[in-house]
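No value in this document is a laboratory result; all are computed from the given coordinates. Source: prediction; values computed, not measured. For neighbour counting, all protein chains shown are included, and Cβ atoms are generated from backbone atoms with ideal geometry for every residue, glycine included.
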Amino acid sequence: MTKQTNNCDSCAQKGSCKDQNDGQECTCKVNRMAKIKHKIIIASGKGGVGKSTVSVNLARALQMKGLRVGILDADITGPDIPKLLDIEEARLRQGQDGIEPALADGIKVASMALILSSRETPVVWRGPMKMAAIKQFIQDVNWGDLDFLLIDLPPGTSDEPLSVVQLIPELAGAIIVTTPQEVALLDSRKAVNMVKAMKIPVLGIVENMSGLICPHCKESISIFGAGGGRGMAEEMNVPFLGAIPIDPGVCALGDRGQTFVESETKACASFNKIVERLLEMFN
């Protein structure tokens, strides 16, 4: 991460900004978020449910509709967004107007993975250092004018989500990703309650890994159970955005840094319905 010697060092308006010398946070940088129409957090509560996969595919789907999109990878110790978008070799760099995000075919990305010296370098940080990194991603990255900024949160309900909520005003809402499995639903309920406690709208539940379509008989096999996400949404009185089936093609595409919304997979058809339901909320 770029070392900071002054709050205004990377600001294009340094020298004229009234906040430069009064010890306050530079309003030029804080107001970067004001240029973004909709800021959405994507949470799960539990790891391994496909939250980052949902994040990158949602970003690509929105971009394919002509919208300007960015992803803030707030998972400081397990940043996977660059891998899923095939930009692992990219690096964040200092520009005239702040830290310039990497580009994944037009999607702006800021991630700890774009700072580390190698893919295998661990981030062994305590909470305050992780929070400082998230703050820099929010306030120092030159996001520009965006229609949507998706904030991909790590599992859990502690430091990172709290930092994001405290630093980003007027969050549009949260999407909670789960699988039908009860152990995932348990943690997802906690994520929903966390979001509600923070007075953030719950935009909806996405049930990932929702059954496998047998390639031979075409019947759905409920590997992780069935209907858990919809049931949780009804129980907690929040919207259900939709379910994404297990599709072997999704894993293969992700490993190659490709999004499945650009394919003809069964997951793509289901996901497009989720995107349409989400966009209806902002029309």
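Scan [x] 21.0; [y] 19.4; [z] 21.8 for the value of Kirkwood radius over Cα pairs in Å calculated from this model and give just the label.
Computing Kirkwood radius over Cα pairs in Å and matching it to [x] 21.0; [y] 19.4; [z] 21.8 gives [y].
Computed FRET efficiency, Cβ-Cβ of S222 and Q94, R0 35 Å: what is it to the nearest 0.05?
That gives a FRET efficiency of 0.10.
Taking trypsin sites (Lys or Arg not before Pro) that fall in a DSSP loop and have at most 16 other Cβ atoms within 10 Å as cut points, what is the longest piece of the chain between them?
Answer - 127-198.
Amide H of I151: which non-local residues (sequence gap of 5 or more, or other chain) have their own amide H closer than 5 Å, using H built in the peptide plane?
Distant-sequence amide H within range of I151: I40, I41, I42, L72.
So for the chain: antiparallel DSSP bridges make up what percent, rounded to the nearest 5?
20
Considering amide H positions built from the backbone, and no H for Pro or chain starts, which residues 5 or more places from R68, or on another chain, come under 5 Å of its amide H?
D147, F148
Counting only other residues whose beta carbon sits under 14 Å from that of G211, what net charge do I get with K and R as +1, D and E as -1?
Net of charged neighbours comes to 0.
For region 101-116, just list the computed ³J(HN,Hα) in residue order, Karplus coefficients 6.51, -1.76 and 1.60, θ = phi - 60°, integers in Hz, with x standing in for Gly and Pro.
Calculated HN-Hα couplings, in order: x, 6, 10, 10, 6, x, 7, 7, 9, 10, 8, 4, 5, 8, 10, 5 Hz.
Which entries of K37/K218; K130/K266; K46/K108; K37/K273; K130/K196; K199/K266 have Cα-Cα distances beyond 32 Å here?
K37/K218; K130/K266; K199/K266
Working from Cα positions, state the angle (0 to 90°, nearest 10) between the long axis of helix 127-139 and the longest principal axis of the chain.
80
Collect residues whose amide H, placed 1.01 Å from N in the peptide plane, falls under 5 Å from the amide H of I213; neighbours closer than 5 in sequence don't count.
Amide H neighbours of I213: I221, I246.
Within region 59-123, which GluC sites (Glu not before Pro) sit in a loop by DSSP and count at most 13 neighbouring Cβ atoms inside 10 Å?
In loop regions of region 59-123 (DSSP not H, G, I, E or B), the sparsely surrounded GluC sites (Glu not before Pro) are E89, E120.
Using θ = phi - 60° and the Karplus curve 6.51 cos²θ - 1.76 cosθ + 1.60, what whole-Hz ³J(HN,Hα) does each residue of region 256-263 get, with Gly and Pro shown as x?
Rounded to whole hertz, the list is 8, x, 10, 8, 7, 6, 9, 10.
So if each residue of separation counts as 0.36 nm, and I subtract the Cα-Cα distance between K199 and R119, what length gain in nm does that give?
Here the segment from K199 to R119 would lengthen by 25.2 nm.
Nearest 10 degrees, 0 to 90: what angle lies between the long axis of helix 51-64 and the longest principal axis of the chain (Cα atoms)?
Tilt relative to the chain: about 80 degrees.
With θ taken as phi - 60° and the coefficients 6.51, -1.76 and 1.60, list the Karplus ³J(HN,Hα) couplings across region 145-150 in order, rounded to whole Hz; mark glycine and proline as x.
8, 10, 7, 9, 10, 9
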